[in-house]
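Working notes, beginning with the structure itself.
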Amino acid sequence: MTMKAVRYYSKKDIRVEDVAPPSGPLGDDMVLIEPLVCGICGTDLHEYIAGPIVTPATPHVYSGATLPQILGHEFSARVIETGRNVTHVKPGSRVSIQPLISPRDDYYGRRGLFHLSEKMACVGLSWEWGGMGERAVVNGYNVFPVPDTVSDVQAAMIEPAAVALYGVDRGGVTSGSSVLVSGVGPIGALVLLAVKAAGATTIFVSELNPNRRALAQQLVPEAIVFDPRETDALQLFRDHTEEGVGLDVALECVGAEASLNLCAEAVRRRGTVVQVGLHMKPAAVDAMLWALKDITVEATWCYPVQIWPRVASMIGAGILPVEKIVTATIRPEDVVEQGFEALLDPKASHMKILVDMKA
């Protein structure tokens, strides 16, 4: 018996092939799952363009996984079987996958900071299984049951939404905040939704791509959306804040130097800049400006894994409509052409592409 899986071999080499499914007795703390819907992430794109980066060319220090890698770390699933120690889900349970895997007993694990372990692995990137396969085995702590108010598509979006919500948390965005979201890729779009959910009342969006500006305006109609190349952004912020002091919080969601510096310029004295986007190279910053304004700069990595039920409840309540950023749903067979290549097309209007594993 075989199963279909999307496997990453190396740069520009992703294959849809038949592989052996998980077999043998299930570990006491493990769960056998059937992936339902799986997102393509920016991390997956980086691997495709320039990898292997985080996918393991040599056996992973903690998981032992090695290439080729079944992709997919943003996904929903149905439980097929559970190990005897797993009590929070049962066969048939619909779940969202929290993909981070790390020791429970190292320095960070003992403190509940599982996302900071130096040995961290990730389902779909550095683990034997991933969301773009018909079956997968994960740890009990990787599966979170979702209520009926959360669809399979929404459950697949909890992982990127967790990244976004963590950034908004770290910025201290609250009801009445004035906020800049710089960059509206998939994470920036979710940050925009999370900022709205947190109660921000003056929301600015900086984005170069006209398609993405249009989507941002649809997501939050009252947001002030602009192209930083064509707008005097600082004048715009002055015009919309008390005494022209600037904004409470700016969230950098691009990973670009110009975007980071715009955020530092945007905030008022004692404001907060949150680094959400990942920078692929060093950025030159005006550290003197940071000092003069007495600002706080927060940088984020992943998310605290305990955030899952909170994201699910926000989605279920309708205040975090994550499904609105999905621009296509495709079959696993079409993942390279209609998924990876479509997302890399600079003229395309795609934001988030999901793979329907049941299609």
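Summary of values
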{"quantity": "Checklist (1) exposed (fewer than 15 other Cβ atoms within 10 Å of the Cβ); (2) modelled with pLDDT under 95 applied to residue 26, failing item", "calculated": "(1)"}
{"quantity": "Identity of the residue in segment 14-23, surrounded by 14 or more Cβ atoms within 10 Å (Cβ to Cβ) and under 25 Å from the mean Cα position of the chain (by Cα), that ends up farthest from residue 126 (Cα to Cα)", "calculated": "16"}
{"quantity": "Answer from 246, 277 - the residue that is within 11 Å of residue 180 (Cβ to Cβ), crowded, with 18+ Cβ neighbours inside 10 Å and either under 21 Å from the mean Cα position of the chain (by Cα) or in the same structural domain as residue 188 (by TED's automatic domain parsing) (or both)", "calculated": "246"}
{"quantity": "Qualifying positions in segment 194-212 - buried (at least 17 other Cβ atoms within 10 Å of the Cβ), touching a strand residue (DSSP E or B) at 6+ places or on another chain (Cβ under 8 Å) and of a type outside the set (A, V, I, L, M)", "calculated": "196, 202, 204, 206, 207"}
{"quantity": "Any hit, segment 149-164, residues being hydrophobic (A, V, I, L, M, F, W, C), at pLDDT 95 or above, more than 16 Å from residue 98 (Cα to Cα) and in the same structural domain as residue 252 (by TED's automatic domain parsing)", "calculated": "no"}
{"quantity": "Subset of segment 29-50 (residues that are crowded, with 22+ Cβ neighbours inside 10 Å and either at pLDDT below 95 or among the hydroxyl-bearing types (Ser, Thr, Tyr) (or both))", "calculated": "48"}
{"quantity": "Every residue from segment 303-321 that is over 15 Å from residue 194 (Cβ atoms) and either without any contact (Cβ under 8 Å) to a residue 40 or more places away in the chain or crowded, with 18+ Cβ neighbours inside 10 Å (or both)", "calculated": "305"}
{"quantity": "Yes/no for residue 212 being in a helix (DSSP H, G or I) and over 16 Å from the mean Cα position of the chain (by Cα)", "calculated": "yes"}
{"quantity": "Residues of segment 335-347 classified as free of Cβ contacts under 8 Å to residues at least 40 places away in the same chain and either surrounded by fewer than 16 Cβ atoms within 10 Å (Cβ to Cβ) or under 12 Å from residue 72 (Cα atoms) (or both), total", "calculated": "5"}
{"quantity": "Every pair of residues 6+ apart whose Cβ atoms lie under 7 Å, when the first sits in segment 273-290 and is closer than 14 Å to residue 263 by Cβ while the second is among the basic types (Lys, Arg)", "calculated": "274/170"}
{"quantity": "Helices (runs of 4 or more DSSP H) within segment 233-335 that include 3 or more residues in contact with a strand residue (DSSP E or B) (Cβ under 8 Å, 6 or more places away or on another chain) and within 30 Å of residue 354 (Cα to Cα)", "calculated": "308-316"}
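The values are calculated or read from the model by the stated rules, or taken from the named source; none is laboratory data. Only a predicted model underlies this, so the values are computations on that prediction, with no experimental measurement involved. Cβ atoms come from the backbone with ideal geometry, glycine included; neighbour counts cover every protein chain shown.
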